[in-house]
Amino acid sequence: MTKRVRVLVVDDSALVRQAISHGLNQDPSIEVVGQAVDAFMARDLIVRLRPDVVTLDVEMPRMNGVEFLRRLMPQYPLPVIMVSSQTRAGCRVTIEALEAGAVDFVTKPSGMGIGLEQMLVELREKVKIAAAVDVSHWRKRRDVLPRIVKRKPMTLNRTGDLLVAIGASTGGTEATRKILSQLPEGFPGIVITQHMPPGFTSMYAESLDRSCPLKVREAHNGDRVAPGQVLLAPGGKHMRVVRRNGGGWEVVCREGELVSGHCPSVDVLFESVARAARAKAIGVILTGMGQDGADGLLAMARAGARTIGQDRQSCVVYGMPKVAHEKGAVQKLVPLANIPEVLVRLVAEGDHG
């Protein structure tokens with residue numbers, strides 16, 4: 001019999017603890033081994049029960065989830081899934097928790113009866129994925145944010161004629177942060193689709209903006225794609241790149257049906273870039289479960305764009321890049337640490353090409 005994933009549920013609400021525990025135990029491959037009402041009880045139970053995965057409430061009394069993570073991960077690294085509210089404060093702390101080592105997050109429904117089952121389905125899937133994630137690199141780690149590498153600003157002739165499109169899911173928030181923190185000012189315009197619900201993308205963009213030399217913000221309909229600027233697809237809306245009258249590109253952000261299981265969808269972004277920018281684009285597919293982005297990246301490659309996939313060893317989840325590579329969409333599989341350097345080189349080659 002396959003070993004079950006042992007889970008510790010941490011939440012100050014007895015009702016939420018019961019609902020999450022019952023929902024997780026519905027999956028025969030998951031076993032809830034304990035419940036904790038706060039970070040201090042969680043600390044003791046982690047040492048005693050040695051769970052494989054922890055689900056952690058974002059907002060708790062005495063010590064919130066992110067502060068607990070900052071203390072836990074350097075001493076006792078464990079895969080953690082955050083359970084977040086969709087309040088502004090909840091969104092902000094969730095982004096901080098991802099920076100501090102959380103693997104992923106789910107959002108609490110507005111009521112325990114509305115959307116609860118959907119949340120539990122998502123949580124069960126993410127718990128099983130998290131159990132296989134290696135978080136040992138957080139041991140003895142003190143720096144939460146990646147160090148910004150100060151590069152000489154780009155002064156290429158045609159940076160405005162080039163476009164970089166990035167797609168990511170599970171583990172992608174920090175992978176993207178590591179890439180952007182090492183790109184130079186004046187780098188060609190970047191468009192990103194990261195799987196996130198409404199409310200979280202604006203907070204994530206603000207967080208990236210504080211830690212990167214480029215200007216990062218959540219995209220709005222009609223925003224221009226410009227050198228030195230990063231546009232992040234808003235949660236709940238597909239983002240497409242279209243040609244502007246007079247040259248260059250702008251984005252169109254609209255609500256829509258799920259595509260490849262997501263809104264925003266990486267496939268939607270990449271396919272629009274293939275049509276609008278063709279050979280003047282670079283596509284990057286990062287860590288994430290599922291296959292969103294694979295078909296879109298293939299369309300980009302067929303249109304003449306250069307394409308990069310994050311390699312297996314550096315992915316939190318080698319799903320999206322794996323499918324893209326198997327479809328023949330990835331021209332280069334690159335470790336996360338090397339992607340900034342590869343992008344700078346490809347941009348320089350494109351500038352002179």
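The values are calculated or read from the model by the stated rules, or taken from the named source; none is laboratory data. Computed from a prediction, not measured in an experiment: that's the story for all the values here. Cβ coordinates were reconstructed from backbone atoms using ideal geometry, including for glycine residues, and neighbour counts include every protein chain displayed.
Which condition from (1) outside any helix (DSSP H, G or I); (2) under 28 Å from Pro109 (Cβ atoms); (3) in contact with a helix residue (DSSP H, G or I) (Cβ under 7 Å, 6 or more places away or on another chain) is the one that Val191 breaks?
So the condition that Val191 fails would be (2).
A quick yes/no check of all residues on (1) under 19 Å from the mean Cα position of the chain (by Cα); (2) at pLDDT 95 or above; (3) β-branched (Val, Ile, Thr):
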{"site": "Pro153", "(1), (2), (3)": "no, no, no"}
{"site": "Leu163", "(1), (2), (3)": "no, yes, no"}
{"site": "Ala175", "(1), (2), (3)": "yes, yes, no"}
{"site": "Glu185", "(1), (2), (3)": "no, no, no"}
{"site": "Cys212", "(1), (2), (3)": "yes, no, no"}
{"site": "Asn221", "(1), (2), (3)": "no, yes, no"}
{"site": "Val242", "(1), (2), (3)": "no, yes, yes"}
{"site": "Val252", "(1), (2), (3)": "no, yes, yes"}
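Go through region 242-353 and tell me which helices (runs of 4 or more DSSP H), entirely inside it, have 2 or more residues that are among the charged types (D, E, K, R), within 12 Å of Ala165 (Cβ to Cβ) and not assigned by TED's automatic domain parsing to the domain that holds Val127.
266-276
Residue under question is Ile81, and the condition is that it be modelled with pLDDT of 95 or more and under 16 Å from Ala97 (Cα atoms); does it hold?
Yes.
Among the residues of region 175-189, is any more than 26 Å from Asp311 (Cβ to Cβ) and crowded, with 19+ Cβ neighbours inside 10 Å?
There is no residue in region 175-189 that is more than 26 Å from Asp311 (Cβ to Cβ) and crowded, with 19+ Cβ neighbours inside 10 Å.
Looking only at residues that are within 28 Å of the chain's Cα centre (by Cα), among the basic types (Lys, Arg) and not in a strand (DSSP E or B) in region 4-48, which one is farthest from Glu125 (Cα to Cα)?
Ranking the qualifying residues of region 4-48, first place goes to Arg43.
Take the residues in region 42-68 that are surrounded by fewer than 17 Cβ atoms within 10 Å (Cβ to Cβ) and in contact (Cβ under 8 Å) with a residue 24 or more places away in the chain; name whichever of them is farthest from Ile95 (Cα to Cα).
Leu49
Collect the residues in region 182-193 that are among the small types (Gly, Ala, Ser) and either closer than 13 Å to Ile166 by Cα or free of Cβ contacts under 8 Å to residues at least 40 places away in the same chain (or both), keeping them in residue-number order.
Residue satisfying the conditions is Gly189 alone.
For the list (1) in contact with a Pro (Cβ under 9 Å, 6 or more places away or on another chain); (2) at pLDDT below 95, I need the number of the one condition that Met289 fails.
(1)
Results for (1) of a type in the set (Lys, Arg); (2) buried (at least 24 other Cβ atoms within 10 Å of the Cβ), shown as yes or no for each residue.
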{"position": "Val241", "(1), (2)": "no, yes"}
{"position": "Glu255", "(1), (2)": "no, no"}
{"position": "Ser260", "(1), (2)": "no, no"}
{"position": "Arg275", "(1), (2)": "yes, no"}
{"position": "Gly283", "(1), (2)": "no, yes"}
{"position": "Asp292", "(1), (2)": "no, yes"}
{"position": "Asp295", "(1), (2)": "no, no"}
{"position": "Ile308", "(1), (2)": "no, yes"}
{"position": "Asp311", "(1), (2)": "no, no"}
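Report, ordered by the first and then the second residue, all pairs with beta carbons closer than 8 Å, sequence separation of six or more or different chains, a first member in region 16-36 that is under 14 Å from Lys128 (Cα atoms) and assigned by TED's automatic domain parsing to the domain that holds Lys126, and a second member that is hydroxyl-bearing (Ser, Thr, Tyr) and surrounded by 15 or more Cβ atoms within 10 Å (Cβ to Cβ).
Taking only residues 6 or more apart or on different chains, the pairs are Leu24/Thr55; Val32/Ser21.
Residues Val266, Val252, Val259, Val273: which one is in contact with a helix residue (DSSP H, G or I) (Cβ under 7 Å, 6 or more places away or on another chain), aliphatic (A, V, I, L, M) and without any contact (Cβ under 8 Å) to a residue 60 or more places away in the chain?
Within the list Val266, Val252, Val259, Val273, the selection yields Val259.
Read through the list (1) under 26 Å from Pro340 (Cβ atoms); (2) in contact with a Lys or Arg (Cβ under 9 Å, 6 or more places away or on another chain); (3) in contact (Cβ under 8 Å) with a residue 24 or more places away in the chain, then give the number of the only condition that Glu206 fails.
Of (1) under 26 Å from Pro340 (Cβ atoms); (2) in contact with a Lys or Arg (Cβ under 9 Å, 6 or more places away or on another chain); (3) in contact (Cβ under 8 Å) with a residue 24 or more places away in the chain, only one is false for Glu206: (3).
Going residue by residue through region 16-39, is there one that turns out to be within 28 Å of Lys3 (Cα to Cα), exposed (fewer than 15 other Cβ atoms within 10 Å of the Cβ) and among the basic types (Lys, Arg)?
no
Which count do you get for residues in region 79-124 that are over 25 Å from Lys178 (Cβ atoms) and either in a helix (DSSP H, G or I) or charged (D, E, K, R) (or both)?
12
With the requirement that a residue be buried (at least 24 other Cβ atoms within 10 Å of the Cβ) and β-branched (Val, Ile, Thr), what does region 190-239 give you?
Ile190, Val191, Ile192, Thr193, Thr201, Val225, Val230
Anything in region 207-242 that is out of contact with any strand residue (DSSP E or B) (no Cβ under 8 Å at 6 or more places or on another chain) and farther than 26 Å from Gly350 by Cβ? List them, or say none.
Once the filter is applied, which keeps residues that are out of contact with any strand residue (DSSP E or B) (no Cβ under 8 Å at 6 or more places or on another chain) and farther than 26 Å from Gly350 by Cβ, region 207-242 yields Ser207, Arg210, Ser211, Gly235, Gly236.
Given the residues Met203, Met196, which is the only one that is in a loop (DSSP other than H, G, I, E, B) and among the aliphatic types (A, V, I, L, M)?
Only one candidate qualifies: Met196.
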